Amino acid sequence: MAPVVPTNWPSSVIYTQTNIYSKSFSPDQLQSLGRANLQKPLKPQPPAKLVKIKPITDPSHPACGQFGLFATQKLPPKSHIIDYLGYVHLVSESDVTSDYDITLDGDLGVAIDAAKWGCEARMINDYRGVKERPNVIFENRIVGGELRMAVWVGGKEIKKGEEVCVSYGKGFWKARYD
Ligand SMILES: C[S@@+](CC[C@H](N)C(=O)[O-])C[C@H]1O[C@@H](n2cnc3c(N)ncnc32)[C@H](O)[C@@H]1O
């Protein structure tokens with residue numbers, strides 16, 4: 001059954017509740033990612049409850065006119081929010097024009113692109129120009145044996161209604177504006 005798409009989900013993007021793997025991975029690489037057997041289905045990630053996608057209408061927000069991700073309730077420090085799902089691929093296959101491509105494992109040379117397939121986590125904006133510092137971090141976790149990129153609350157509680165922002169790193173902006 002097709003998943004229920006979250007409110008404000010863009011029609012041009014396929015909402016996914018599991019990672020999708022490039023066909024270029026070798027059996028050894030899939031083993032390192034904890035997906036030696038791609039035929040074995042993993043439990044789908046349920047639609048997010050702790051965060052929701054909202055259009056940004058504040059003209060002072062640098063991403064005004066786009067979307068962002070906002071807390072639906074108080075989120076405790078260091079708690080898990082959601083996993084960043086999308087197209088898992090070799091860095092050598094990266095689409096350099098994608099604004100949704102993040103590193104899954106630098107040593108393995110593997111990234112996740114949520115440009116075409118993704119979940120709510122793809123809507124997380126960079127903190128620059130939005131708040132003083134990021135309030136979430138991206139860090140790996142293992143789910144059912146699979147290596148994931150997960151979104152975690154930073155050291156401070158996030159208030160209900162607050163926008164969830166990460167640091168994309170200076171490299172993200174340098175690549176776009178240099
Ligand atoms: C991963 S997407 C974030 C979700 C995006 N706002 C959307 O509606 O799909 C990254 C893009 O969001 C925008 N963005 C995110 N954070 C921003 C910021 N702090 N300042 C300006 N633009 C930002 C940029 O266009 C960037 O390329």
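Yes/no matrix, rows are residues, columns are (1) in a loop (DSSP other than H, G, I, E, B); (2) open to solvent by less than 50 Å² (accessible area, probe 1.4 Å):
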| residue | (1), (2) |
| --- | --- |
| Val96 | yes, no |
| Ile112 | no, yes |
| Ala115 | yes, yes |
| Arg122 | no, yes |
| Arg141 | no, no |
| Ala150 | no, yes |
*strands (runs of 3 or more DSSP E) contained in the range 1-93 and holding at least 1 residues buried (at least 17 other Cβ atoms within 10 Å of the Cβ) and among the β-branched types (Val, Ile, Thr)*: 51-55, 80-83, 87-90
*Out of Lys174, Lys160, Lys131, Lys170, report the one residue that is more than 20 Å from Lys23 (Cα to Cα), away from the ligand (no atom under 16 Å from the Cβ) and open to solvent by 20 Å² or more (accessible area, probe 1.4 Å).*
Lys160
*Listed residues Lys40, Lys49, Lys78, Lys23; which is away from the ligand (no atom under 16 Å from the Cβ), within 28 Å of Lys160 (Cβ to Cβ) and without any contact (Cβ under 8 Å) to a residue 40 or more places away in the chain?*
Lys49
*Does Gly86 satisfy the criteria of being within 10 Å of the ligand (Cβ to nearest atom), touching a residue at least 12 places away in the same chain (Cβ under 8 Å) and either under 19 Å from Tyr15 (Cβ atoms) or polar (S, T, N, Q) (or both)?*
no
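The values are calculated or read from the model by the stated rules, or taken from the named source; none is laboratory data. Computed from a predicted model, the values in this text were never measured in an experiment. Glycine gets a Cβ as well: all are built from the backbone with ideal geometry, and neighbour counts include every protein chain shown. Accessible surface is based on the protein model in full, side chains and every heavy atom, while ligands, DNA and RNA are left aside. Shrake-Rupley method; radii C 1.70, N 1.55, O 1.52, S 1.80 Å.
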